[in-house]
Amino acid sequence: MANSSTCHRDLRTAIIAADLTALPELPDLTVYLDFLETNIVGQVLERVRLASPFVLRTADPPLKAIENKRVVGLRRMGKRLVFVLEDDLFLVIHLMIAGRFRWKEHGAAITGKIGLAAFDFSNGTLLLTEASQKKRAAIYVVLSEEALADFERHGLEPLEANLEEFRSRLLAGNHTVKRALTDPDLFSGIGNAYSDEILHRARMSPVKLTHSMSQGEVEHLFAATQEVLKEWIARLRADAKGGFPEKVTAFRKDMAVHGRYGQPCPVCGTAVQRIVHAENESNYCPTCQTGGRLLADRALSRLLKQDWPRTIEELEAKRPSLRAAGSSSAARR
Ligand SMILES: [Zn+2]
């Protein structure tokens, strides 16, 4: 029934989805922070080397401003990592989809086509790589807490929230629960992978509308969110064994449904299903989550697609209303 062009498109979409759903989320960033807190807080950032000027998205202050400054702290802002430096300077890194860190000996060369930048600290070099044709990872140099606040999306930290805070965010608009969990303005650090896992744990359909949820369902989802994130942080910490987390990926064989299309659900054995979005794929178990219904029928998949940003940039990028490339931060001072 599908003609060759739709087949071709399906295949292409599947390949893109496989590449693009691997965005590091809260548990992945937590284990990066564990390592960086132990190893670079207190060290001096001696030099920054860029393989391409395009990775740097700010012009003012210049990159040189952060050189020879000591790292005084680290923070996570949603899915961004923030290096707090002396003199009210901040280095913000958004890994986007395929951005990853490597920890190497001091002065290590930037590696081949995937290398984006090198940060030379007194005790080693942090390499930023991106194994993707499309370079989306971004570096920002920011002066002052006030300017840094522009990067804040105000998503609720799911592991610091109580039930009432979680509930009011979840019900802030009437969205599919999948969209609500992954919206950085509502919740911080949850992306496509862990939202699939959370919804499977909660035995809840990804297209359930938040305003149709009972108090019991909200409580159940809140518990599932905290459980899944805590379990994965513990698991990733165990994998890293106190060293550098080398294998940051959103496709983990121990996940219940995410990235496991066609494989058996670990709870009931039903084949895991998927909804392919423009740049994304959601996975779910029809037996555990949708009363046996396949969301492949058009009305249901359209519901989720309409409620889902078309591109990763749309979901993750800074709001257009926020300052553009450092220019207005200078004007404001
Ligand atoms: Zn199942």
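Read-outs throughout are calculated quantities, based only on the coordinates presented, and are distinct from any laboratory measurement. Every value quoted in this text rests on a predicted model; they were computed, and no experiment measured them. Neighbour counts are summed over all protein chains in view; Cβ atoms, including those assigned to glycine, are modelled from backbone coordinates with ideal geometry.
Loop-resident GluC sites (Glu not before Pro) (DSSP state other than H, G, I, E or B) in the stretch 138-207 with no more than 11 further Cβ atoms inside 10 Å of their Cβ: E160.
Using only the Cα atoms of the stretch 26-151, build the gyration tensor, take square roots of its eigenvalues as a ≥ b ≥ c, and label the shape rounded, prolate or oblate: rounded if a/c is under 1.5, else prolate if a/b is larger than b/c, else oblate. The shape class here is rounded.
A viscosity of 1.567 mPa s and a temperature of 4 °C, combined with the Kirkwood radius over C-alpha pairs in the Stokes-Einstein formula, give the stretch 163-240 a diffusion coefficient of 103 µm²/s.
Pairs exceeding a 19 Å alpha-carbon distance, out of K113/K135; K135/K178; K69/K113: K135/K178; K69/K113.
Taking label points 7 Å from Cα along the Cα-to-Cβ direction, E46 and E246 give a separation of 2.4 nm.
Counting every other Cβ atom within 10 Å of each residue's Cβ, Y140, Y284, Y261, Y194 order from fewest to most as Y261, Y140, Y194, Y284.
Each residue in T176, T38 was given a count of other beta-carbon atoms within 10 angstrom of its own, and listing them fewest first yields T38, T176. When H154, H175 are sorted by how many other C-beta atoms sit within 10 angstrom of their C-beta, beginning with the fewest, the order is H154, H175.
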